[in-house]
1. Given the conditions (1) assigned to a helix (DSSP H, G or I); (2) buried (at least 19 other Cβ atoms within 10 Å of the Cβ); (3) more than 17 Å from the chain's Cα centre (by Cα), report the number of the one that residue 128 does not fulfil.
2. Can you report the number of residues in the range 1-46 which are assigned to a loop (DSSP other than H, G, I, E, B) and either in contact with a Gly (Cβ under 8 Å, 6 or more places away or on another chain) or among the small types (Gly, Ala, Ser) (or both)?
3. Please state which one of 190, 195 is assigned to a helix (DSSP H, G or I) and either surrounded by fewer than 23 Cβ atoms within 10 Å (Cβ to Cβ) or more than 11 Å from the chain's Cα centre (by Cα) (or both).
4. Restricting attention to the range 219-235, which residues are aliphatic (A, V, I, L, M) and surrounded by 24 or more Cβ atoms within 10 Å (Cβ to Cβ)?
5. Going by what's in this entry, would residue 227 be described as in the same structural domain as residue 39 (by TED's automatic domain parsing), in contact with a His (Cβ under 7 Å, 6 or more places away or on another chain) and in a helix (DSSP H, G or I)?
6. Can you spot a residue in the range 305-318 that is closer than 22 Å to residue 130 by Cα and crowded, with 18+ Cβ neighbours inside 10 Å?
7. Out of (1) assigned by TED's automatic domain parsing to the domain that holds residue 268; (2) crowded, with 22+ Cβ neighbours inside 10 Å; (3) of a type in the set (A, V, I, L, M, F, W, C), what's the single condition that is false for residue 163?
8. Using the structure shown, decide if residue 216 is surrounded by fewer than 21 Cβ atoms within 10 Å (Cβ to Cβ), touching an Asp or Glu at 6+ places or on another chain (Cβ under 7 Å) and touching a residue at least 12 places away in the same chain (Cβ under 8 Å).
Amino acid sequence: MRFFITGIGGFVGCHLAELLLTAGHRVGGTVTGRADRPALRALAARHPNFDPAALAVAEVGNSAALEHALTAARPDGVFHLAGIAFAPRAETHADHAFAVNVLGAINVLEAVARVCPEARTLVVTSSDVYGVTDDCRQPIGEDAPLRPIGVYGLSKAAADMAAFRHWWMRRLPVVRVRAFNHTGPGQSPDFVCSDFARQIARIAVGGAEPVMHVGNLEVERDFSDVRDIVRGYLLLWERGEPGAAYNLCSGRATRVAHVLESLIAASGTPVEVVTDPHRKRGREIETIVGSAARARALGWSPTIPLARTLEDLYCDWRTRIEPSQKLP
């Protein structure tokens with residue numbers, strides 16, 4: 001089959017492309033900036049039928065470019081992943097976040113409707129769409145009200161509703177997925193697990209003093225492995241009900257302090273942990289944990305333990321940190 005991934009060059013996009021290529025599918029999509037980034041070159045090295053040069057360099061705000069790319073690709077399925085994914089960045093640049101996350105999603109859906117309306121489309125949003133939930137609603141199911149509290153969550157909730165509207169009004173076969181926190185090899189250090197792993201890897205190779213700088217370690221989040229999440233995307237693309245929303249999550253709350261402890265243990269590197277007030281966000285939700293009962297009913301379940309995810313993440317950062325980065 002032929003698949004088209006917006007944001008294929010990103011952290012999750014590369015993992016999804018890997019899954020699809022390994023299964024023998026043809027994969028294309030869009031990237032922003034340059035298409036010859038290292039992760040895509042590595043994909044091409046493992047999968048000779050994948051050519052990064054054939055990817056469309058297109059912003060999701062460019063309707064004409066999207067239509068041209070979809071026309072050339074003639075996909076059977078579309079995965080819309082492109083967007084602003086880092087919540088603090090969205091908060092700082094709200095106009096850009098809404099332009100990319102909301103109008104970008106609408107542009108993709110409209111382009112699909114015009115070019116390949118029969119292509120099943122999966123639109124990925126976020127657990128941040130739920131925002132503040134009552135304790136009695138934990139774990140959070142898909143029927144919980146959407147009460148986002150930040151720009152990122154608000155923009156993703158709007159994208160979620162745009163996807164629903166295109167199913168209702170245009171009868172596009174669109175499935176919505178609300179992914180909870182996920183991590184793994186290749187993730188940007190903007191995100192907490194990868195930030196910790198990078199700091200520890202730098203310390204381990206002698207590139208930094210043995211001091212960890214952290215924010216709030218007491219919050220609890222629902223962490224999954226990105227490789228489990230992309231398996232969920234494919235299964236929900238195949239079996240999800242158009243118009244419906246599905247959570248993908250582990251169903252377990254993990255303290256961020258436990259993540260840090262696990263990464264330190266995986267590295268075998270002694271460190272001092274220092275709380276940095278600048279790393280703390282404003283008012284935070286203490287605990288977020290989801291229910292993936294709908295996805296589980298269709299046959300998905302996470303299989304990779306968090307300890308292995310964090311170990312793989314740390315090992316990935318050890319390969320990314322150059323020994324030459326040692327302190328003088």
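The values are calculated or read from the model by the stated rules, or taken from the named source; none is laboratory data. For clarity, every value in this text was computed on a predicted model and none was experimentally measured. Glycine also receives a Cβ, built like all others from the backbone with ideal geometry; neighbour counts cover every protein chain displayed.
1. (3)
2. Final tally of qualifying residues: 11.
3. Every option except 195 fails the conditions.
4. 229, 230, listed by residue number.
5. So residue 227 fits the description; yes.
6. Within the range 305-318 (the criterion being closer than 22 Å to residue 130 by Cα and crowded, with 18+ Cβ neighbours inside 10 Å), the answer is no, since none of the residues qualifies.
7. It is condition (1) that residue 163 fails.
8. Judged against the criteria, residue 216 is a match.
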